[in-house]
1. Rg and Dmax in Å for the stretch 3-417, alpha carbons only: what are they?
2. How much net charge surrounds SER211 when only the other residues with a Cβ under 12 Å from the Cβ of SER211 are counted, with Lys and Arg +1 and Asp and Glu -1?
3. Return CYS144, CYS255 ranked ascending by Cβ neighbour count within 10 Å, so the fewest neighbours appear first.
4. Find out how many positive minus negative residues lie around ALA54, taking Lys and Arg as positive, Asp and Glu as negative, among other residues whose Cβ is under 15 Å from that of ALA54.
5. Sorting SER152, SER411 on the 10 Å Cβ count, fewest up front, what's the list?
6. Give the longest segment of the chain that steers clear of trypsin sites (Lys or Arg not before Pro) in DSSP loops with at most 11 neighbouring Cβ atoms within 10 Å, not counting the sites themselves.
7. Take a quick pass over the chain and tell me how many lysine pairs come in under 20 angstrom between Cα atoms, counting only ones 8 or more apart or on separate chains.
8. Explain nothing, just compute: Karplus ³J(HN,Hα) = 6.51 cos²θ - 1.76 cosθ + 1.60, θ = phi - 60°, for every residue of the stretch 42-56 in order, whole Hz, x for Gly and Pro.
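The numbers here are math on the coordinates, done by the rules we state, and not lab data. Values in this document were obtained by computation on a predicted structure and should not be read as measured data. Cβ sites come from the backbone with ideal geometry, for glycine too, and all protein chains shown count toward neighbours.
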Amino acid sequence: MNALTMTWGIAGLTALGVITRPFAWPEAIWAVLGALLLVGFRLIGPDDAWAGVAKGIDVYLFLIGMMLLSELARQEGLFDWLASIATAQAKGSPRRLFVLIYAVGICVTAFLSNDATAVVLTPAVYAACRAAKVRDPMPYLLICAFIANAASFVLPISNPANLVIFGGGDMPPLSRWLATFGLPSIVAIVVTFLALYWTQRSVITADSVSSDVKPVPLSPSAKLTGFALCGTAVIMLAASALHFDLGLPTFLSGCMAVGAILIITRKSPAATLKGVSWSVLPLVAGLFVVVEALSQTGLIDTLAQHLSRQASSSPTWAAAGAGVVVALFSNLVNNLPAGLVAGSTVQLAQVSDKIAGAVLIGVDLGPNLSVTGSLATILWLSALRREGLQIGAWTFMKIGIVAMVPALAASLAVLAIQ
């Protein structure tokens, strides 16, 4: 067996392990195991493996900052308070509750990243559903997973994958970002809502929501956490507008905000640090190593040549095809490493902004097809498990086909014609 076959074989088995989680082992174990096998069989050198890990530094910093803030917000009950407000405003209507939670999910994803939606909003929605005596909370919990990806290209800060695609100082200014992705993101959000509601309509209409919901008080520490989150969002937006990488500003603002609040409230950082899903970092690092090994097989050069030829002959079809292929590829290896490959390919091929935009939409929206398509969905699964809930990969995919495919097609169509 030659090196090329072994590399692709290990990469495929790694992706399969992350998706199926044999022996109920965490996704991170399979990603790290795949990376170690590649190094152990000398299919990638240690220096190149570290280079692959280093490509995700901005993402690691972004994730650490956001996860610290998110965990603090969870502990202080900030999102429980927001969910209780949505439940109270539902006034006994399950349809209204569905719409309100979806609206909250849009705001959290757009301004605090899709990972915050998965990590923090999911347990808050579950708590709200219990308080409202909802018989089946899954339709409302599914919102957290699907809106986390559907709204993840509203702003550059809405998804860490955006940092990967436009790494190395190539992030578009905020004004150009909004002009390019504003309308497609609105279309993605609306179409995803309609499709998700349609798939869950029988459960929602048969359900009932208690109108006698005890309000969750907003503690002083929760207010401080809210201000910290808003301040971090402003810093991230400013960094994006100034064309800076978002990882370091997010990390510093998150650490300083969490440290200041813990000092003010005289609380130990142990609980906050313990609650963070640290396994996400080796998961991402392992996947980056796998992608680095694949890139050494000539994958990126081949893709760039093919994309360049297609862009020259038919730019519109090249954009549509690139968006669809990247969307499917993101579900095989997760959208962070897929974004790294796609971003490198786009930069090497030197294609138009429209094709680059289609690739980003595929990376951000495509993962709504499967439970392992994006880091946010993996975090969402972890949040469900903490509450004792489960959803099968095939069950999720059946919903994902209905929700993702039309949303992707509509968003790419709007990008092409605007």
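1. 20.6, 64
2. Details: positive: LYS91, ARG96, LYS133, LYS214; negative: ASP212.
My count for the surroundings of SER211 gives +3.
3. Working: CYS144 31, CYS255 15.
Fewest-to-most ranking of CYS144, CYS255: CYS255, CYS144.
4. Numbers: positive: LYS55; negative: ASP47, ASP48, ASP58, ASP245, GLU292.
Around ALA54, the surrounding residues sum to -4.
5. Values: SER152 32, SER411 29.
Sorted ascending by nearby Cβ count, the order is SER411, SER152.
6. Numbers: sites that count: ARG42, LYS91, ARG135, ARG266.
Between the exposed loop sites, the longest stretch runs 267-418.
7. Details: LYS91/LYS133; LYS91/LYS214; LYS133/LYS214; LYS214/LYS223; LYS223/LYS267.
Lysine pair count for the chain: 5.
8. With the stated coefficients, the stretch 42-56 comes to 6, 7, 8, x, x, 5, 5, 5, 5, 4, x, 4, 5, 5, x Hz.
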